[in-house]
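Undergrad: Below you'll find the structure I mean.
None of the figures in this text is laboratory data; all of them are computed from the coordinates on show. These numbers come from a predicted model, not from an experiment. Positions of Cβ are backbone-derived with ideal geometry, glycine not excepted, and every protein chain shown enters the neighbour counts.
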Amino acid sequence: MRKLIRFLGKFRDFLIFFLLQIFVLGLFFNSKYYHKSRMVNTSSEVVGWFLEKKHNITKHFSLPEANDRLAEENALLKSMMPESFYKLQDRYYYIDDTLYYRQYEYIPAEVISSTSNKRDNYITVRKGRLAGVEEGMGVVSDAGAVGMVVDASDHYAIVKTILSENIRMSVKHKEHNEFWFMNWDGSDNRIAQINNVNRDVDLAIGDEIVTRGGERFPSAVPVGVIDEIISVDGEQTLSLNIKLSVNFNSIFEVYLVRNLFAEEQRLLEGDLYTDEDE
Amino acid sequence: MNNGWIKYIAVLVLIVLLQGLVVNNIEISTWLNPMIYPVMILLLPFELGTFITMGVALFIGLSVDAMSNTFGLHASAALLIGYLRPTILRLIKPRDGYDGTLLPTVQDMGIPWFLVYSSILIFIHHFWFFTFEIFSFSKFFGIILKTFLSSLFSISLILLFLYIFYKSSRK
């Protein structure tokens, strides 16, 4: 009898363990595959506060580099014409479809925490809902595309970077616009992968890969350059290794992209696509 | 006993912050992911029931998840060793059983016992963690490598931590 009671006690423990595991692993897989956050993370006000305090101490070591990059970027932008405006020429204006002309706003944000050696790497930034940040926004830096916002509190937000499993970033070849999905296999944090590339596409090492453009990113934001073309005999498609333009080991300032036509596009597309991809 | 819990909670807060703000940023290599917070599960009193151990472990895991953007992974691994701890403790029980006035620290229980105790639980914890983090059969060797290297680093950190913050409970 006593053995039975002990067995039932252990069974109860195991059952509780099992149920809690399902719950907790459920939360985890949700973040991997659906790019959603159902859990407290570094964008929470409490956690963000601690991160900010720590960042205020350690940022001084990287201030010279961060400032140099900002100054360079300023000089570059001053010499360029702004390209993200809706152009009206004479009395004609083009409306091919809602996917063509975009108007983008950039919210600058300081990075207060980042990782680059985990399987899924996120950065925490010091801007949140009060600054207009929303889940799903694309994020870029002076060097190129960084990732997308997955959660935001009033003052902080977390960005799922390219260095994540299942990121499925929509990219295209800069010259001839062939497009694919880009992923990251977790081995080298300077190199991402594009698989299932058609063999009859014109490709060379050094070709630029940029964002395809759409709801999250303006078109032609640098993503990387082709570093290696991997061709396996017998396989129908090729794979590409892309050297990323953004160095996630030193990322200090980013811009969150607000697409002013996003709502319109979403209403138009309606239930056509689930928002799991891209 | 009350005094012990107050110290425990204070150290717990410290450890979670330490893990989130310092240890998480030790980014030497993709194959090295050290974790110091499992020490708080190792340090729980010997005779604590499975249910409470799991509860505390889950709480610690979720706190570390909040600071690491791992969304439940740390909670899962911590829960696992919380569940297994009583069994492991029973398996490596010294001949005369455990002294209720002592804690499972290296100072109280000696280096040999503590190394066995911590290695088993840390290895299991890290293996579970990296298996789910990487979640790919083809990367099995990578998971083993990561588990092994990270466990060594974690155990070193834990030993260092114990020597600094704890002393022998024996008078």
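Undergrad: Would you mind pulling out the separation of the Cα centroids of segment B:43-99 and segment A:164-200, in Å?
TA: One Cα centre to the other: 41 Å.
Undergrad: Something else about it: Any of A:Lys32/A:Lys243; A:Lys54/B:Lys146; A:Lys36/A:Lys172; A:Lys54/A:Lys172 with alpha carbons more than 30 Å apart? Name them for me.
TA: On the way: A:Lys32/A:Lys243 23 Å; A:Lys54/B:Lys146 28 Å; A:Lys36/A:Lys172 25 Å; A:Lys54/A:Lys172 38 Å.
From the list (A:Lys32/A:Lys243; A:Lys54/B:Lys146; A:Lys36/A:Lys172; A:Lys54/A:Lys172), the Cα-Cα distance tops 30 Å for A:Lys54/A:Lys172.
Undergrad: Moving to a separate point now. Do the sum for chain A: with -39,500 (n - 2.57) for every DSSP H run of n ≥ 4, divided by all residues, what is the mean residue ellipticity at 222 nm, to the nearest 500 deg cm²/dmol?
TA: -8500 deg cm²/dmol
Undergrad: Now for a different question. Show me, for segment B:114-130, the HN-Hα J-couplings you get by feeding each phi into the Karplus relation (A = 6.51, B = -1.76, C = 1.60, θ = phi - 60°), rounded to Hz, glycine and proline as x.
TA: Once θ is set to phi - 60°, the couplings for segment B:114-130 become 5, 5, 5, 4, 5, 4, 4, 5, 5, 4, 4, 4, 5, 4, 4, 4, 6 Hz.
Undergrad: Another question about this same structure. Taking a cut-off of 18 Å between Cα atoms, list the aspartates and glutamates near B:Lys139, but don't count ones fewer than 8 places away on the same chain.
TA: Hits, sequence-local ones excluded: A:Asp120, A:Glu165, A:Asp185, A:Asp188.
Undergrad: Still on this structure, please answer the following. Among B:Val64, A:Thr161, A:Phe61, pick out the residue whose Cα is farthest towards the positive end of the charge dipole of the protein assembly as shown, where Lys and Arg carry +1 and Asp and Glu carry -1 on C-beta, about the Cα centre.
TA: Of B:Val64, A:Thr161, A:Phe61, it is B:Val64.
Undergrad: Okay, moving on. Can you compute the equivalent ellipsoid semi-axes for the protein assembly as shown, i.e. the square root of 5 times each eigenvalue of the Cα gyration tensor, sorted largest first and rounded to whole Å?
TA: For the protein assembly as shown, the semi-axes come out at 47, 23, 21 Å.
Undergrad: Within the set of other residues whose C-beta is less than 14 Å from the C-beta of A:Gly206, count the net charge using Lys and Arg as +1 and Asp and Glu as -1.
TA: Net charge around A:Gly206: -4.
Undergrad: Across segment A:17-30, in residue order, what do the Karplus-derived ³J(HN,Hα) couplings come to in whole Hz, using 6.51 cos²θ - 1.76 cosθ + 1.60 with θ = phi - 60° and x for Gly and Pro?
TA: Those phi angles translate into 4, 4, 5, 5, 4, 4, 4, 5, 5, x, 4, 5, 5, 4 Hz.
Undergrad: Further question on the same structure: What FRET efficiency would be calculated for the residue pair A:Leu77, B:Val13, taking the C-beta separation as r and a Förster radius of 35 Å, to the nearest 0.05?
TA: Given R0 = 35 Å and the Cβ-Cβ separation, E is 0.20.
Undergrad: Roughly how big is chain B's charge dipole about its Cα centre, with Cβ charges of +1 (Lys, Arg) and -1 (Asp, Glu), in debye to the nearest 20?
TA: 320
Undergrad: How would you rank B:Trp113, A:Trp184, B:Trp128, going from fewest to most other Cβ atoms within 10 Å of each one's own Cβ?
TA: B:Trp113, B:Trp128, A:Trp184
Undergrad: Run through all the Cα pairs of segment A:96-219 and give the fraction in each 5 Å bin from 0, expressed as whole percent.
TA: 2, 10, 19, 21, 19, 15, 9, 4, 1, 0
Undergrad: Can you give the alpha-carbon Rg of segment B:41-119 over 2.2 N^0.38 Å, where N counts its residues?
TA: So segment B:41-119 has a normalised radius of gyration of 1.16.
Undergrad: Could you list B:Tyr166, A:Tyr104 so that the one with the fewest beta carbons within 10 Å of its beta carbon is first and the one with the most is last?
TA: B:Tyr166, A:Tyr104
Undergrad: Taking amide H positions as placed 1.01 Å from N in the peptide plane, with prolines and chain starts having none, which residues 5 or more places from A:Ile242, or on another chain, fall under 5 Å of its amide H?
TA: Residues meeting the criterion, in which the H sits 1.01 Å from N, are A:Ala192, A:Gln193, A:Ile194, A:Asp227.
Undergrad: If you don't mind, another one. I need A:Met39, B:Met67 ordered by Cβ neighbour count within 10 Å, fewest first.
TA: Starting with the residue having the fewest Cβ neighbours, the order is A:Met39, B:Met67.
Undergrad: Given the options B:Thr70, B:Thr30, B:Thr131, state which has the largest fluctuation in a GNM of chain B using a 10 Å cut-off (strictly under) for Cα springs.
TA: B:Thr30
Undergrad: What does the charge dipole of segment A:107-269 about its Cα centre add up to, to the nearest 20 debye, if the Cβ of each Lys and Arg holds +1 and the Cβ of each Asp and Glu holds -1?
TA: The dipole of segment A:107-269 has a size of about 460 debye.
Undergrad: For chain A, with a Gaussian network of springs between Cα atoms less than 10 Å apart, report the residue from A:Asp227, A:Asp142, A:Asp188 with the top mean-square fluctuation.
TA: A:Asp188
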